[in-house]
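The structure appears below as structure tokens.
The values are calculated or read from the model by the stated rules, or taken from the named source; none is laboratory data. All values reported here derive from a predicted model rather than from experimental measurement. Ideal geometry is used to build each Cβ from the backbone, glycine not excepted, and the neighbour counts take in all protein chains shown. These accessible areas exclude ligands, DNA and RNA; they are computed on the full protein's heavy atoms, side chains included. Shrake-Rupley method; radii C 1.70, N 1.55, O 1.52, S 1.80 Å.
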Amino acid sequence: MYFKTLRQVLFQPFYLGLFLVVSFLVLSIAILLPSFGLLQILWQSSSVSLLEISSVVISLYGSLVTNFTVFSASYMVAISLLFGLQIALFTYYVKQLRSQTTNLTGVGASSVGGLVSGFFGIGCATCGTLLLTPFLALVGAAALLTWLPFGGEEFGLLGVALLLYANHIIVKKINAPLVCQT
């Protein structure tokens, strides 16, 4: 049932393109976010050409294999793909039921929760999570991350789990009949 629905949605060029673009954008944000300061300095510098900035941006994609552990790179790619799939499935579902009123809150909350949780787990092997560590430092709780078994990467796994659940729910909704069964 799930693979049939995924095939039904992703074999349409619009939804396949949406899946690929959103997945690439989420992965790009996850990869480029740790180097935002560098990119900002390069962009503001008058002596650096656009070609050089583009070269740096492209080379930063190599940091997926150098700056991240296999574990964190794997869940980062999984989050990107699952979120892209979620957006494609959700768009398909909304277009399918455009004329009807439905409750989409649960699916939307799960997918956004999965993405946010996944981004809390982004980080490199040496500096830990990128978004969670500065937030916890503000409240004096940065040492709590050292007590977690994977140093905060649990949030990435939580993001994958939430996105899997959200995709499961939306596939069930796509396959559900449009009328109530008695």
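Listing for the model above:
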{"item": "Residue order for PHE24, PHE11, PHE68, PHE155 - accessible surface, 1.4 angstrom probe, largest first", "result": "PHE11, PHE24, PHE155, PHE68"}
{"item": "Cleavage-rule hits (trypsin sites (Lys or Arg not before Pro)) in the stretch 1-105: DSSP loop, at most 14 neighbouring Cβ within 10 angstrom", "result": "ARG98"}
{"item": "In Å, descending, principal axis extents of the Cα set of the stretch 1-43", "result": "48, 18, 5"}
{"item": "Amide H within-cut-off set for GLU153, under 5 Å, with H built and near neighbours excluded", "result": "none"}
{"item": "Enclosed volume per residue, in Å³, of the convex hull spanned by Cα atoms of the stretch 1-91", "result": "115"}
